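To start, the structure itself, in structure tokens.
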Amino acid sequence: MMRLGHRLARINAVFIKELIQMRRDRLTFAVMLAIPILELVLFGYAINTDPKHLPTAVHAEEYTPVVRSILSGLENSEYFDVSTSHSDPRASDYLLASGKVVFVVEIPAGFTRQLIRGERPQLLVSADATDPVAASNALGRLSTIVNQALAKDLTGPLAHLRAGKGAVDLVVHPRYNPEGITQYNIVPGLLGVILTMTLVMITGMAMTRETERGTMENLLAMPGSPFEVMIGKILPYVGVGLVQTVVVLVVAHWLFAVPFIGSIALLVLSVAIFILANLALGFTFSTIAQSQIQSMQLTFFFFLPSILLSGFMFPFRGMPHWAQMIGEVLPLTHFLRVVRGIMLKGAGLQESVYDLAAILAFMLVVSTVAMLRYKRTLD
Amino acid sequence: MSELAIDVRGLSKNFANKAAVSNVDLQMPRGQVWGFLGPNGSGKTTTIRMLCGLLKPSAGEGTCLGFDLRRDAEAIRRQTGYMTQKFSFWADLSVRENLDFVARIYQLDNRRQCVDETLAVLGLTHRQHQLAGALSGGWKQRLALAAVTMHKPKLLLLDEPTAGVDPQARRDFWDQIHRLSNEGMTVLVSTHYMDEAERCDHIVYLAHGKLITEGSVPDIIDQSGLLSFRAEGKGVRVLEPLMAGQQGIEHAAYYGAALHISGHDRAALEAAVAKVADQGYSWQEVKPSLEDVFIALMEQSGGDKRAHG
Ligand SMILES: Nc1ncnc2c1ncn2[C@@H]1O[C@H](COP(=O)(O)OP(=O)(O)OP(=O)(O)O)[C@@H](O)[C@H]1O
Ligand SMILES: [Mg+2]
């Protein structure tokens with residue numbers, strides 16, 4: 001018990017020292033808080049992956065009531081803004097190629113007649129595929145939009161046409177996004193990305209800074225085990241991480257009305273575990289790196305796969321097997337599942353426990369490496 | 001409890017197969033003030049670091065304060081105060097915050113009072129909220145000394161504590177060292193200053209990582225077998241280059257308004273003096289200074305200059 005008291009006292013000493021140093025380093029502190037807001041706004045607004053009001057050209061060779069229903073259905077969906085209608089097929093190519101429109105909807109002559117006969121005429125939609133993400137949601141909704149528009153017309157003897165595959169054969173560029181990325185999906189992910197980037201980076205400097213400023217010799221000459229120094233050094237940043245979390249969630253709620261249907265307590269627990277895992281990793285980097293620059297490089301070396309292979313950038317199930325294997329090791333992968341589960345699906349502890357355990361295991365392994373790497377001498 | 005504060009044998013340290021310290025024996029009684037001297041790169045810092053557990057010795061063994069150097073580093077650490085050669089307190093913490101940290105990590109009772117007292121003794125009470133990095137060099141050294149003695153260590157290792165400190169502050173510093181020693185601390189100080197060496201009970205002289213000589217100042221001077229002659233008179237300084245080239249004169253230097261020559265060979269020295277006897281300067285034999293002895297030692301240990309007489 002005495003020993004524990006001594007340990008806590010020394011952890012407290014390092015903790016307070018770090019707290020003061022963190023507070024005094026205003027720029028870093030400001031950056032830690034600015035990054036979440038900046039990224040949220042960037043990803044939320046500028047990198048809006050559910051764009052609406054996309055300019056659309058219509059090349060219709062007949063204007064029957066059915067065709068008009070389809071066109072107004074497109075307009076009403078808010079995804080398509082019909083900006084031009086024309087009858088020259090070459091104009092379509094030009095409009096798409098020049099980027100004046102994102103979609104061209106083509107309705108061939110005899111469309112209505114074939115439709116009524118139940119021959120499922122083709123409705124051809126060409127999409128500007130240079131930015132597949134931009135168009136994918138509009139395209140994803142397309143068949144629903146068309147079928148709903150036709151529902152009003154296909155009544156009485158024509159009602160049977162609504163069944164089965166629908167009255168119209170939609171031919172679109174098959175760009176699809178199975179997880180249908182939206183802000184709802186991005187914001188929880190962004191929370192994980194922000195925590196990973198800032199926390200690993202900041203603790204990555206923890207020991208290298210002491211070495212570079214020449215204070216390491218002094219720290220080593222004083223009592224304090226590696227474990228005590230590590231805990232004292234990362235604890236202040238648990239607070240920083242929690243503040244960042246609150247900022248992200250409040251901004252997410254305020255700007256994007258992201259729903260939150262799960263348990264707050266479970267979210268706090270998950271975030272705390274994830275923060276500790278990242279801080280432990282950062283500390284480990286700082287015991288490996290020789291300089292602050294090197295620890296930055298290590299951070300980015302870790303950050304890239306975290307962003308690319310965790311399911312944040314690309315749908316996890318869409319990745320090749322080897323990429324999924326790497327992804328399973330990364331704490332961000334598990335955190336994304338947990339947080340999306342809690343926030344969007346109302347997942348409980350039972351659904352989250354496997355992923356939380358995976359994060360804890362990562363933290364344990366990384367901390368062990370840190371303890372082995374932490375040198376108590378200057379050799 | 002061992003009466004020796006430091007008792008090490010065969011202490012050696014190699015860096016990438018280059019020997020920084022080789023085969024150093026030290027038996028230092030408790031309560032004394034010892035001086036650690038030697039030219040740059042002679043291994044003073046490396047030896048001190050091994051003593052306080054910051055470097056693992058490549059060879060050798062021994063105890064510090066009765067604790068085994070290799071096995072009980074943590075216990076040694078707790079009872080030792082080590083002031084590094086380069087200022088190593090936290091520049092972005094204030095004077096007070098630095099002392100607070102030290103007090104916390106050593107778990108001193110009555111921390112606030114203890115820090116207040118230290119600040120008062122140090123004369124830094126009015127600047128306690130200033131960042132340590134903004135202190136002048138001399139004040140940094142004083143802060144460091146105060147910080148490493150706050151936990152009342154039994155052994156104090158000071159690595160060039162007065163480098164770059166003005167004479168007045170240096171004197172204050174030594175008053176402090178003697179005060180601490182009187183309180184029972186054992187103090188090992190490395191220095192390049194001769195006047196500081198003369199304030200020590202015992203001198204250890206290192207060169208090229210080897211212990212060359214040790215003892216009290218008069219003993220070291222006597223043991224050196226060095227002889228010195230001093231010439232006074234108007235314009236005697238012009239003789240310096242002439243004398244420096246003479247057979248048997250190992251060293252010639254002009255200081256204190258007099259020319260000093262020294263060497264180990266009495267006959268050769270007297271012959272050299274006789275050659276310039278007609279120039280009207282007054283010559284007399286004097287006791288060699290510690291500096292003369294160290295310069296002679298440095299030149300001897302340098303290799304081929306060893307040949308003399
Ligand atoms: N970490 C290290 N790696 C490699 N060589 C080292 C290291 N530390 C010291 N040395 C070498 O060991 C030798 C002794 O160095 P040390 O710093 O102990 O000398 P010193 O007597 O303290 O010198 P000074 O009076 O300049 O402080 C030098 O040649 C130095 O270059
Ligand atoms: Mg040195």
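Derivation of every value follows stated rules applied to the coordinates shown; laboratory data play no part. The structure displayed is predicted, hence computed values, not measured ones. Cβ atoms come from the backbone with ideal geometry, glycine included; neighbour counts cover every protein chain shown.
How high is the FRET efficiency between A:Phe227 and A:Ala109 when r is their beta carbon distance and R₀ equals 56 Å, given to the nearest 0.05? After rounding to 0.05, the efficiency reads 0.10. Peptide A:7-19 has a mean shielding of 3, counted as Cβ atoms of other protein chains within 10 Å of each residue's Cβ. Normalising by residue count, region A:182-373 has a Cα convex hull of 116 Å³ per residue. Each other residue within a Cβ distance under 14 Å of B:Val24 adds +1 if Lys or Arg and -1 if Asp or Glu, for a net charge of +1.
Per-residue shielding of B:51-58, expressed as the average number of other chain Cβ atoms within 10 Å of the residue Cβ, stands at 3. Measuring r between the beta carbons of B:Arg179 and B:His129 and using R0 = 30 Å, the FRET efficiency lands at 0.65. Once C-alpha pairs closer than 8 Å and six or more residues apart are averaged by separation and normalised to the residue number of chain B, the relative contact order reads 19 percent.
For the protein assembly as shown, the spread of Cα coordinates along the three principal axes comes to 139, 61, 47 Å, biggest extent given first. All other residues whose Cβ lies under 13 angstrom from that of A:Val338 are scored, Lys and Arg at +1 and Asp and Glu at -1, for a net of +1.
For region A:192-234, what does the alpha-carbon gyration tensor say about shape, rounded, prolate or oblate, given a ≥ b ≥ c as the root eigenvalues, a/c under 1.5 as rounded, and a/b over b/c as prolate? Oblate, because a/c is 1.5 or more while a/b does not exceed b/c.
In this simple spin-label approximation, B:Ala59 and B:Arg71 carry label points 7 Å from Cα along the Cα→Cβ vector, and these lie 2.3 nm apart. Taking 7 Å steps out from each Cα toward its Cβ at A:Leu8 and B:Lys152 produces label points 2.5 nm apart. Cβ under 12 Å from A:Val240's Cβ, A:Val240 left aside: what net charge do those residues give with Lys, Arg +1 and Asp, Glu -1? It works out to a net charge of -1. Among A:Ile70, A:Ile307, A:Ile186, the order by Cβ neighbours within 10 angstrom, fewest to most, reads A:Ile307, A:Ile186, A:Ile70.
As a rough footprinting exposure proxy, the listed residues A:Trp322, B:Trp139 were ranked by other beta carbons within 10 Å of their own, and the order from fewest upward is A:Trp322, B:Trp139. At 4 °C and 1.567 mPa s, what whole-number value in µm²/s does Stokes-Einstein give for the translational diffusion of region B:97-205, with Rh from the Kirkwood sum over Cα pairs? Diffusion coefficient, whole number: 88 µm²/s.
Residues whose amide H comes within less than 5 Å of that of A:Leu123, counting only those at least five positions distant or on another chain, are A:Asp169, A:Leu170, A:Val171 (H built at 1.01 Å from N in the peptide plane). DSSP beta bridges fully contained in the protein assembly as shown are about 55 percent antiparallel. Peptides A:28-40, B:286-298, A:330-342 ranked from most to least packed, by the mean per-residue count of other Cβ atoms within 10 Å: A:330-342, B:286-298, A:28-40. Each label point was placed 7 Å from the Cα along the Cα-to-Cβ direction; for A:Ser83 and A:Met296 their separation is 4.2 nm.
Derived scalar couplings between HN and Hα for region B:259-274 equal 9, 10, 10, 8, x, 9, 9, 4, 4, 5, 5, 5, 5, 5, 5, 4 Hz in order, rounded to whole Hz, by the Karplus curve 6.51 cos²θ - 1.76 cosθ + 1.60 (θ = phi - 60°), x for Gly and Pro.
Can you give the log10 of the normalised intensity I(q)/I(0) at q = 0.09, 0.17, 0.20 Å⁻¹, computed with Debye over equal Cα scatterers of region B:5-130? So the normalised log intensities are -0.35, -0.97, -1.12. Mean partner shielding of peptide B:103-115, defined as the number of other chain Cβ atoms within 10 Å of each residue Cβ, is 3.
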